[in-house]
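Working notes for the structure below.
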Amino acid sequence: LDALRSALVGASAKFRAQDLVEPGGVVPTLQKVVGTARKVASWKEWEDAVAAESPSLLVLLPHSQEDPAHPGISGLEIGGALLSYPELEASYVIGPQAKPPVVLLLGCSTQLTDVPFLNFVEAFKRERAALVIGTLAIIRGRRTVAFVNALLEALKAAAGTDRSFGDVFLETKRRLLAAGDGFVLSLTAYGDVSWRI
């Protein structure tokens, strides 16, 4: 994987600003660990950034909800705008001639839907993500910050070694769980986690 080359971040309007951009938040941590990191405010900006920059790490902190215009269809909200399941195409996932990216899809129940085959983890995998980390529970945005920071630091420490993404992901979950953070039990990796970092 080339996950630490560049990152793109999109967050729900409900995600607290201090958890996103203030010291210790997701974006400052990314800027320390990843070559370049950029935050976008809408799905349009997200799609444009994927096309222009081909980021290797996609960090989504969305609010997951039903699309009001289409009952039963899931949607992800970032910056107040909703992207429904049928609208997710490769242009939101992988740039031209890019290696498959890693996707951290850390919103409320991004893996669970009322219709089992309409989940965003599967949609990102279908559109060529190398692997996707999804959530199995309703979570608060601030609970993701410690996990994202710990995972990024562990990935940076393991970069260039023979360690796999799966090894680092499991070790990070174990460490946070041992410290009393049960949030990590809701995180699952989908795809081939044996990629070397």
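Observations on the model:
- Mean separation of Cα contacts under 8 Å (6+ apart) over length of segment 19-171, as relative contact order %: 22
- Mean separation of Cα contacts under 8 Å (6+ apart) over length of segment 1-65, as relative contact order %: 53
- Amide H contacts of Ile78 (H built 1.01 Å from N, in plane; Pro and chain starts excluded): Leu83 sit under 5 Å, all sequence-distant by 5 or more or on other chains.
- Cβ-Cβ distance of Arg175 and Arg128, R₀ of 25 Å, FRET efficiency by 1/(1 + (r/R0)^6): the value works out to about 0.25.
- Between Ser6 and Gly35, Thr36, Ser56, Leu57, the built amide H atoms are under 5 Å apart, and every one of these is 5 or more places off in sequence or on another chain.
- Alpha carbon centroid spacing (whole Å) that separates segment 1-77 from segment 131-177: 16
- Amide H contacts of Tyr190 (H built 1.01 Å from N, in plane; Pro and chain starts excluded): Val132, Ile133, Gly134 sit under 5 Å, all sequence-distant by 5 or more or on other chains.
- For Lys125, the lysines whose Cα falls under 20 Å of its own Cα, not counting residues fewer than eight places away in the same chain, are Lys99.
- The chain: calculated mean residue ellipticity at 222 nm from DSSP helix runs of at least 4, using -39500 (n - 2.57): -9500 deg cm²/dmol
- Highest-MSF residue in the chain out of Leu60, Leu177, Leu187 [GNM, Cα springs under 10 Å]: Leu177
- Derived from the Cα gyration tensor, the three semi-axes of the equivalent ellipsoid of segment 19-134 are 23, 16, 13 Å, largest first.
- Measuring spread by the Cα atoms of the chain yields a radius of gyration and Dmax of 15.3, 48 Å.
- Set of aspartates and glutamates near Lys173 by C-alpha distance (under 16 Å), chain-local residues within fewer than 8 positions excluded: Glu153, Asp181
- Carbon/sulfur fraction of accessible area - the chain, other protein chains in place, 1.4 Å, %: 53
- Its Cα centre serving as origin, the chain has a Cβ charge dipole (Lys and Arg +1, Asp and Glu -1) of approximately 640 debye.
- Ala157 paired with Ala69, simple spin-label distance in nm, labels 7 Å along Cα-to-beta-carbon: 4.6
- Dipole axis of segment 1-156 (+1 Lys, Arg; -1 Asp, Glu on Cβ), positive-most option in Ser42, Leu30, His70: Leu30
- Segment 11-52 shape via C-alpha gyration tensor axes, a/c threshold 1.5: oblate
- Karplus 3J(HN,Hα) series, Hz, for segment 62-67 with 6.51 cos²θ - 1.76 cosθ + 1.60 (x for Gly, Pro): x, 9, 9, 7, 6, 6
- Placing unit charges on the Cβ atoms of the charged side chains and taking the dipole of the chain about its Cα centre, the candidate lying farthest along the positive direction among Ser12, Ile94, Leu155 is Leu155.
- Take the chain with all the other protein chains still there, run a 1.4 Å probe, and you get 45 Å² of accessible area per residue.
- Annotation: peptides 123-130, 87-94, ranked by per-residue average of other Cβ atoms within 10 Å with the highest first, follow the order 123-130, 87-94.
The values are calculated or read from the model by the stated rules, or taken from the named source; none is laboratory data. Quick caveat, the model's predicted, so the values are computed rather than measured. For neighbour counting, all protein chains shown are included, and Cβ atoms are generated from backbone atoms with ideal geometry for every residue, glycine included. Surface areas here come from the heavy atoms of the whole protein model, side chains and all, with no ligands, DNA or RNA. Shrake-Rupley method; radii C 1.70, N 1.55, O 1.52, S 1.80 Å.
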